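Below: one structure, written as structure tokens.
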Amino acid sequence: MNKIIVVLLAFGLSCQHVFTQVDTSGFNLMPWPQNIQHSNRDFTITDDFTISIIGDDAQGRVEKAAIRFLRHLSNKTGVFLKQGFPVKIEGKTSAVVELTFDGLSDLSINADESYSLNVTPDKIEIHSKTDVGALRALATLLQLVAHNPSNYFIPGVVVNDAPRFVWRGLMIDSARHFQPVDVLKRNLDAMALVKMNVFHWHLTDDQGFRAEIKSYPLLHQKGSDGLYYTQEQIKDVVAYASDLGIRVVPEFDVPGHATSWLVAYPDLGSKDGATYTIERNSGIFDPTLDPTNPKTYEIIEAVFTEMAALFPDTYFHIGGDENKGKHWNENKKIERFKADHGFKTNHELQNYFNVKVLDILKKHGKIMMGWEEILQDDLPKDVVIHSWQGEASLTDAITKGYKTVLSRGYYIDLVRSVEEHYAVDPFPAAPNSVSKEQLKNLLGGETTMWSELVTPLTIDSRIWPRAAAIAERFWSPQAVNDLDGMKRRLKVISFQLEDFGIMHIRNKEVILRNLINDQDISSLIDLSNICEPLKGNKRNTKINGQSKYKTYSPFTLFADACVPDAQDAEVFNKAVSGFVKQSNTADFEVVMAFLNKWSTNYAEFSKINNNPKLKDLEGLSKNLSQLSQLLVQVFETKSMDVSIFSELQTHHKSLYVPFADTEVVVVNALEELIEKAKVDYLIKGSRW
């Protein structure tokens, strides 16, 4: 019997509407398609696997994608394909995969990315309206590859698919920590796998100006520490993204976050006589471009003119966020300018600045985009508002007629769990105040990777695999929201991401080996699998008014090896819940296996604890081991006196404090075990 999974796309409806939850148990696809039908008539992969392309592939996107697909397929299956490139159909010959598309995508927000996919035992047919739709189909086809003991195969399916939102983005901050081109390219590959289509490239901030500017070269020469992208490298990244069906939107942050501009040209600053140096700390800083200085707009126009030629996308992000205007308030000339123009607030002054920048961008056919702070009632309606602080700004923007992109809830640099991000739907929280027509202004969403605490070594583990789950919120119907199903599929996709060059898994061991100089890292791995980096901004606390971590601080520490959604913690916490609430025997065995493993952690840790970098972890290892030993003893003997109970409480309390900028995320489950031991086994008559 055919298994039919049908999803009704409810775009434009209230998010308070009750949806039937979609069954995603059949396949390890992410994002989940709109409509998929399973026939149980599979296609077996052999060395005769071939692809033919039917359509005018003038830009070569489909041929390149087909070649990449064949390479991944061969590597994944171990099959020695007879043909490593797309084949031409002549006479009566045919290919296994017939890929047909009608035309070329212009890579705009109106571009069609839909496709159909039909897998039968004899043939695989793909049809799309554009070449980019064909790329999305190949991504689905690759994720469908499965195996049994005898063969690799592709399940028999019929898929009809299209994205829910036209804007499905990832922002990478290359300003605070420079990210080399190879890092960007592997992340673009990963984006294509999960059908993301916008790479938002944050290129300037207080900590660095990362683009070569030929007309004003001091910008990149003085503002980058020598770490910047040449214009040829920018062209290369843009072309690489285009081949993947991904648009590239640059961001040059003005008028705030502008220290790196002012290092080169201090006369553009708003503080008279100030000198500037590249910022090494994290935070919000006062240096701001002077909106009353004609030279400011002269240099901005020169920069944007050069960049407009490198970035063909229609949209251009100007930042515009977090300008407190302190230096504006302290500048008498600027205060007079405000008075002369009737500006009562700095917000009005910044709107004046924004409109002048908008005029510059319009000369080059660009649509201006900025963070929500740029929103002002008289701002032209063709500006795109990037909402990041709350649902109120999103609702405000779309009801006023502005196209809007949502990032609130998708700040993955804050290292929160995938559950939290997956629970955020791009629709406003109060949709009753928003009409169907107004909801069309919501272009989609964007997940953000600010780089205060990430380097090329760690950035992959901070983006992936959580960004894949977020990508599903942007592509799939709203009814695709089953948390357990998402987690099951995400585990599989995580390993596929590694096949695409993402280093989120392998670099953990690289960092841990660095901690102990290539000794046995097994004890550290066990600790890292139950610890997560401190969330939000708790890791980068202020010390004497400055952030703990500077741009040149070490980011090869234990916290950098740890990741959100620590893998052992999730398994242990779930098993403890099953054991405590339902006395499940299988869950009890899982719990005991972990406790026995952790019981020996300190003995193993002691063998390598020979350098200062491990000092902060000794208490974690020791208390975890002693607590685990006592719990094993209690559950094996089914007996506990008051002294053991007191020891359990002492060791457990010690695990609540942060260790080396991480938190132990099994503490609540351990508390449940201690409570169960108290109820079940504390010797009657003892005092506690």
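General remarks:
- Of the solvent-accessible surface of segment 351-441, computed with a 1.4 Å probe over protein heavy atoms with every protein chain present, carbon and sulfur atoms account for 49 percent.
- Whole-Hz couplings from phi, Karplus 6.51/-1.76/1.60, listed for segment 437-453; x for Gly and Pro: 5, 5, 5, 5, 6, 7, 6, x, x, 8, 8, 10, 10, 6, 10, 4, 10
- N432-D518 FRET efficiency (beta carbon distance; Förster radius 60 Å; 0.05 resolution): 0.50
- Built amide H within the under 5 Å cut-off of V157, gap 5+: S39, V119
- Charge dipole magnitude, Cβ of K and R +1, D and E -1 - the chain, Cα centre, debye nearest 20: 560
- V424 versus S150: modelled label distance in nm, points set 7 Å from Cα along the beta carbon direction: 4.8
- Across K324/K344; K271/K356; K214/K295, pairs whose alpha-carbon gap is larger than 19 Å: K271/K356
- Take the chain with all the other protein chains still there, run a 1.4 Å probe, and you get 40 Å² of accessible area per residue.
- Summary of packing: across the peptides 658-670, 115-127, the per-residue average of other C-beta atoms within 10 Å ranks them, highest first, as 658-670, 115-127.
- Projecting label points 7 angstrom from Cα along Cα→Cβ for L227 and V355 puts them 4.0 nm apart.
- For segment 499-593, the share of alpha carbon pairs falling in successive 5 Å distance bins from zero is 2, 12, 16, 16, 16, 15, 11, 7, 4, 2, 0 percent.
- Charge-dipole axis of segment 20-108 as Lys and Arg at +1 and Asp and Glu at -1 on Cβ define it, positive-most pick from N40, F80, Q59: F80
- T120/R71 FRET efficiency (R0 22 Å; Cβ-Cβ; nearest 0.05): 0.35
- Ordering 378-384, 36-42 by mean Cβ neighbour count within 10 Å, with the highest value first, yields 36-42, 378-384.
- Cα-only radius of gyration and Dmax that characterise the chain, units Å: 27.6, 91
- Calculated SAXS-style log₁₀ I(q)/I(0) at q = 0.16, 0.23 Å⁻¹ - segment 578-688, Debye, Cα scatterers: -0.75, -1.32
- The gain in end-to-end length when the E672 to N160 segment is fully stretched comes to 179.7 nm, 0.36 nm per residue minus the alpha carbon separation.
- Considering helices alone, the calculated mean residue ellipticity of the chain at 222 nm is -12500 deg cm²/dmol, with DSSP H runs of length four and up weighted by -39500 (n - 2.57) and normalised per residue.
- Across segment 300-343, the residues whose backbone nitrogen lies under 19 Å from the label position 7 Å along the beta-carbon direction of K542 are 322-327.
- Of K185/K535; K326/K542; K185/K403; K366/K400; K88/K235, pairs whose Cα-Cα distance is over 24 Å: K185/K535; K185/K403; K88/K235
- Simple spin-label estimate for D236 and T650 gives 6.0 nm between the two label positions (7 Å along the Cα-to-Cβ direction from each Cα).
- Extension gain from T275 to R506, taking 0.36 nm per residue of separation minus the Cα-Cα distance: 78.8 nm
- Segment 192-295, accessible surface, carbon-and-sulfur percent (1.4 angstrom probe): 49
The values are calculated or read from the model by the stated rules, or taken from the named source; none is laboratory data. Just so we're clear, the structure is a prediction, and the values are computed from it rather than from any experiment. Backbone-built Cβ (ideal geometry, glycine too); neighbour counts: all protein chains shown. Side chains included, ligands, DNA and RNA excluded: accessible areas come from the protein's heavy atoms. Shrake-Rupley method; radii C 1.70, N 1.55, O 1.52, S 1.80 Å.
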